[in-house]
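Working notes, structure below.
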Amino acid sequence: MDQVAAFATFIRVVEAGSLSAAARAIPASLTAVSRQISALEAHYGTTLLLRTTRQLALTDAGRLLYDRARAVIAELRDVELALTSRESRPSGRLRISAPRLMGRLLIAPLLPEFLRLHPAVSVDLLLVDRPVNLVEEDIHAALRIGRLPDSQIIARKLAELTMIVCAAPGYLQRRGTPVTPADLADHDCLVFSDVAGGGEWRFRMPDGTSSTIRFDGRLWINSLDALVAAARDGAGLARVPSWQVADDIKAGTLTRVLAGYELPASAVHLIMPPARLGSPRTRAFVDFLSMRWRSNNPLRALAVS
């Protein structure tokens, strides 16, 4: 069995909705298409498609294979581009991922210019506050803050990001200003997370060790914008990127606390699967974003001194 060809046929069957429609689109005989699907099911020892007289339905195994097969075919396509079209004009669909706030404020505003520069490129921007699986989710490039996932990933460092703890002056007047991380036990801490529940903040202690403070949190929000607004209104202490609250710190609507215990800045990388960098559209975006951030780095420009 030619597994790559079988993957491509399986994808076509799922997207066409039937074996006969896939056979017409390939084009191939219905018998050949059916034989490839049966070969895949025999190879993996499981049913991939539930066939009825009117429609096809994916089993759980079929859904898994469909997602992985699409990623494999996309990866092979990019390898081919890297080897045969190194000097070609950027074209096709580019899938980018970034954290919600950073993507909305620092990536999305640059995309109209990128699209004007590369009229044959289309962009999907996925904004999620979780690490994405580049291969399985068919992502060409993603912003990643902090530790990189593995050594095989290609990464280009763009900037550094510092997390700070801050609160409204009115809150600090009512509750006092924490002097050490241990003082947070007597304060209302605001939790940012995609998962409801308690939170934890890490700090660097004077002796160079790190300390993790865990708390229940009186308010949980999965939006940094909303979290900062709550802190500005006096709901409690928030730990957020320094660039996001730089204007509030300068205006005095928020006050930075525990500055001596902050962790070192985390690197912000643009990461790619190895094969993706060979794609002209991916290289074009990597070069574009690197150049824009090098000439006017939004994190450095808004950093709190």
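Since every read-out is calculated from the coordinates, none of them should be taken as a lab result. Remember, it's a predicted structure, so these values are computed and weren't measured experimentally. Methodologically, a virtual Cβ is constructed for each residue, glycine included, from the backbone with ideal geometry; neighbour enumeration extends over all protein chains shown.
Just order 89-95, 121-127 by mean Cβ neighbour count inside 10 Å, highest at the front, would you? Show your work: numbers first, answer last.
Working: 89-95: 17.3, 121-127: 15.0.
Highest mean packing first, the order is 89-95, 121-127.
Of the peptides 222-230, 258-266, the ranking by mean beta-carbon count within 10 Å, highest at the top, reads 222-230, 258-266.
Stokes-Einstein at 20 °C, 1.002 mPa s, Kirkwood radius from Cα pairs: D for the chain in µm² s⁻¹? Answer from the Stokes-Einstein relation: 95 µm²/s.
Starting from 0.36 nm per residue, how many nanometres of slack lie between Leu148 and Ser122 once their C-alpha separation is accounted for?
Details: separation 26, 0.36 × 26 = 9.36 nm, distance 2.69 nm.
Between Leu148 and Ser122, full extension yields 6.7 nm more.
Residues whose amide H falls under 5 Å from that of Cys189, counting only those 5 or more places apart or on a different chain, are Gly217, Arg218, Leu237, with hydrogens built in the peptide plane. Couplings 3J(HN,Hα) of segment 96-102, computed from phi: 10, 10, 7, x, 3, 5, 5 Hz, in residue order, whole Hz [Karplus 6.51 cos²θ - 1.76 cosθ + 1.60, θ = phi - 60°; x for Gly and Pro].
Close amide H partners of Thr255, meaning residues 5 or more places away or on another chain with modelled amide H under 5 Å apart, are Ala167, Ala168.
Considering only alpha-carbon pairs that sit under 8 angstrom and 6 or more positions apart, the relative contact order computed for segment 163-261 is 45 percent.
Summarising the amide proton neighbourhood of Ser122: residues at separation of 5 or more, or on other chains, whose placed amide H is nearer than 5 Å comprise Gly92, Arg93, Leu94. Taking only the C-alpha atoms of segment 3-84, Rg followed by Dmax gives 12.9, 44 Å.
If you keep only loop residues by DSSP, which trypsin sites (Lys or Arg not before Pro) in segment 99-168 have at most 11 other Cβ atoms within 10 Å of their Cβ? Counting only loop positions with at most 11 other Cβ atoms within 10 Å, the trypsin sites (Lys or Arg not before Pro) in segment 99-168 are Arg147. Globularity index of segment 143-254 is 1.16 (Cα radius of gyration / 2.2 N^0.38 Å, N = number of residues).
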